[in-house]
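The values are calculated or read from the model by the stated rules, or taken from the named source; none is laboratory data. This structure is a prediction, so every number in the text was calculated from the model and none was measured. Cβ placement follows ideal geometry from the backbone for every residue including glycine, while neighbour counts extend to all protein chains displayed. Ligands, DNA and RNA are excluded from the accessible area calculation, which covers all protein heavy atoms including side chains. Shrake-Rupley method; radii C 1.70, N 1.55, O 1.52, S 1.80 Å.
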Amino acid sequence: MTLHLPLPGGGTRAYEPRTEPLAPSAAGPLTSRTVFSAAHVVADPYADTTPDGPAAVDWDATLAFRRHLWSHGLGVAEAMDTAQRGMGLDWTGAAELIRRSAAEAKAEGGRIACGVGTDQLTGPATLPGIRAAYEEQLAVVEESGAQAVLMASRALAAAATGPEDYLDLYGHLLRQAAEPVVLHWLGPMFDPALEGYWGSADLDAATETFLEVIAAHPDKVDGVKISLLDAGREVALRRRLPEGVRCYTGDDFHYPELIAGDDQGFSHALLGIFDPLGPLAAEAVRVLDTGDTAGFRALLDPTVALSRHLFEPPTRYYKTGVVLLAWLAGHQDHFTMVGGLQSARSLPHLARAYELADGLGLFPDPARAEARMRALLTVHGVPR
């Protein structure tokens, strides 16, 4: 049946939904690339809470979604930006999420890496306090049996006076880490509070500090996750990494070309867009595993339009579109988010996300996705 999707300037346009999904992807491990999908959390829609109150999480649905990602051969990047860290999910909720997901990963045989930050701090913080906050979270992740991802810290960005503070703090954390970690560089387009990270707003200068941290402790760095939405900068940095240190692309605009790589190397992946793209992304990487780069690009290149739409400015609100697509795909029974973030994107934005995802065949049951989208349009007063 025809859907009438709203236009940004007013009015609607007719859209004929797809009737057949893509064929399901094969199971089994991915071999040529290490691929993590950052994963969203599912809110409890019955909880009597407020946007600034503690997150109410539907644990059954949240863990079921992680099993979905593992079933396609993807790793799960847990308790990171996509899980609304600092945007609805506080440290208390994140710590429980880490413990539950790590236990589930162990039971399922799935790979998991978890975010370590400083978001338990409130108000201005000192450098010793920031170090202690990182240490507390690192202990939780290591005790859970998961790999640690040292995330960028808003508190450190505010407290640091220059590159030396980053070199000192990260050096301390890396020396005490039990296993190699992933270093996470999240650009200000994802979080404006991270402007000037690594001690400089000049990205060239910041890159030198970042590389100095890695060079001093290459045995403690499994890889780096770059989220700057700048493919050229990522490639240049990738070529300067010490032997054995991986580059995990976090570039949700250029991921096909970065994962495919060139004659001097390639990026692995730790991406929020792989939350809605999980089965299709896994299928594409399996094609790449056979050496068929053209086939990989043929599958993954068409998804970039959806990713660019979801991550358009203000980029930090991309989670709203991710959760919409999870609801439409049947991974959860509602379109509710912790912190009330389902209101962060306009109806025309959400309608376009549906259209692009439907065109890619991302919905296992297109009729259910259509019915749910129709219900959302009706609630917003769009005429049938």
>> Just to verify a number: FRET efficiency for Met1 and Val304, C-beta to C-beta distance, R0 = 35 Å, to 0.05?
In response: 0.75
> Heavy-atom accessible area per residue, the stretch 217-372, 1.4 Å probe: how many Å²?
Replying inline: 33 Å²
> At a Förster radius of 41 Å, what calculated FRET efficiency corresponds to the Cβ-Cβ distance of Glu212 and Asp60, to the nearest 0.05?
Replying inline: 0.40
> Ordering Ser227, Ser25 from largest to smallest accessible area (1.4 angstrom probe), what's the sequence?
Replying inline: Ser25, Ser227
>> Report, to one decimal in Å, the Kirkwood hydrodynamic radius for the stretch 304-358 based on all distinct Cα pairs.
In response: 11.1 Å
> Could you give the nm distance between label points at Ala158 and Thr290, where each point is 7 Å from its Cα heading toward the beta carbon?
Replying inline: 5.2 nm
> In Å², what does the accessible area per residue of the stretch 44-147 work out to with a 1.4 Å probe?
Replying inline: 44 Å²
> What is the list of residues in the stretch 330-367 whose amide nitrogen lies under 20 Å from a point 7 angstrom out from the Cα of Asp48, following Cα to Cβ?
Replying inline: 337-340
>> Whole angstrom only: what separates the Cα centroid of the stretch 245-262 from the Cα centroid of the stretch 316-384?
In response: 27 Å
> Once phi is turned into θ = phi - 60°, what whole-Hz ³J(HN,Hα) does the Karplus curve with 6.51, -1.76 and 1.60 give for every residue of the stretch 145-161, x standing for Gly and Pro?
Replying inline: x, 8, 6, 9, 10, 7, 7, 5, 10, 4, 4, 5, 4, 7, 8, 5, 9
> What length, rounded to one decimal in nm, is gained on full extension from Ala26 through to Asp365, with 0.36 nm per residue of separation minus their alpha-carbon distance?
Replying inline: 120.2 nm
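From Cα pairs below 8 angstrom and at least 6 apart in sequence, can you work out the relative contact order of the stretch 1-145, rounded to a whole percent?
The value is 19 percent.
Using the Cα centre as the reference, give the magnitude of the dipole from point charges on the C-beta atoms of the chain (Lys, Arg: +1; Asp, Glu: -1; all else neutral), rounded to the nearest 20 debye. Could you put the intermediate results ahead of the total?
Details: 31 positive and 49 negative charges, 168 e Å.
That gives the chain a dipole magnitude of about 800 debye.
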>> Using the Karplus curve 6.51 cos²θ - 1.76 cosθ + 1.60 with θ = phi - 60°, what ³J(HN,Hα) values do you get for each residue of the stretch 44-58, in whole Hz, with x for Gly and Pro?
In response: 8, x, 8, 6, 8, 9, 10, x, 9, x, x, 5, 9, 10, 7
>> I need the per residue convex hull volume for the chain, using only the alpha carbons, in cubic angstrom as a whole number.
In response: 134 Å³
> With θ set to phi - 60° and the Karplus curve 6.51 cos²θ - 1.76 cosθ + 1.60, what are the ³J(HN,Hα) couplings of the stretch 309-322 in order, to the nearest whole Hz, using x for Gly and Pro?
Replying inline: 5, 4, 9, 5, x, x, 4, 4, 8, 4, 4, 4, x, 4
> How much of the accessible area of the chain, in percent, comes from carbon and sulfur atoms when a 1.4 Å probe is used?
Replying inline: 52 percent
